[in-house]
Structure formats: structure tokens, C-alpha cells
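The values are calculated or read from the model by the stated rules, or taken from the named source; none is laboratory data. Since the model is a prediction, treat every value here as computed from it, not as a measurement. Neighbour counts run over all protein chains shown; Cβ positions are idealised from the backbone, glycine included.
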Amino acid sequence: MALDNCNASIGINSASPGKLDSRALVNLQLGHLDEALSDYNAALDKRPKVANSLYGRGLVKLRKGEASDGQVDLAAARAIDPKIDSEYADYGLTP
């Protein structure tokens, strides 16, 4: 349901980085890592210094076995928002 809502919203305005980030988060939670990575990359292409997108992409990279790249994204996200770990822990997502 959440993924369907994100897809419908993106269909209305596919250029919105916030909507791409939301869909990426849902895909991450569902374990759809390639889809999540694609959406996080697209969101970051439009807004490169958003902590949520960097952190989410870092988590995806860690889960895909790209540890060093994932840690770079996590560090960048933490530099922007030092409380980002606790926000994602609330979603049930931790490194």
C-alpha cells in the first residue's frame, strides 16, 4: 500500500526528490535494494546534500555488500544531521 501510494505520487510529479526519497525508503524496508538505490541516486542527483537520502543510500550500499561506499554516505549524512541514526532506528533500519 505505501509503495502504491509513492508510485502514484511520483506519477504526478516524478521530478520531486522528496517523493523519490520516500519511495526509496519504502523499497529499502521491503528489501528491494536495487529499486531503493535507483531512487536514492535520482533524489541525490537533484538535491545532493540531503541527510535522509544519503543515509538511506548508505544503508542500501551496506546491505548490497558495498561497505566502504556505504560508510561514506552514512558519514556524510551524519555530518549534515547528527541525529539521523535515531531517526532511521525509529523506522527499524540500522547499519
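The table that follows gives values for the structure above.
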| quantity | calculated |
| --- | --- |
| Evaluation of Ala42 against (1) modelled with pLDDT of 95 or more; (2) in a helix (DSSP H, G or I) (one fails), failing number | (1) |
| Enumeration of residues in the stretch 26-65 that are crowded, with 16+ Cβ neighbours inside 10 Å, over 11 Å from the mean Cα position of the chain (by Cα) and more than 20 Å from Ser16 (Cβ to Cβ) | Leu62, Arg63 |
| Hey, Arg23 part of a helix (DSSP H, G or I), farther than 20 Å from Thr94 by Cβ and of a type in the set (Lys, Arg) or not | yes |
| Given (1) at pLDDT 95 or above; (2) closer than 19 Å to Pro95 by Cβ, number of the condition Glu35 does not satisfy | (2) |
| Test for Ser68: is it modelled with pLDDT of 95 or more, loosely packed, with under 12 Cβ neighbours inside 10 Å, polar (S, T, N, Q) and assigned to a helix (DSSP H, G or I) | yes |
| Single unsatisfied condition, Ser22 versus (1) at pLDDT 95 or above; (2) among the small types (Gly, Ala, Ser); (3) buried (at least 20 other Cβ atoms within 10 Å of the Cβ) | (1) |
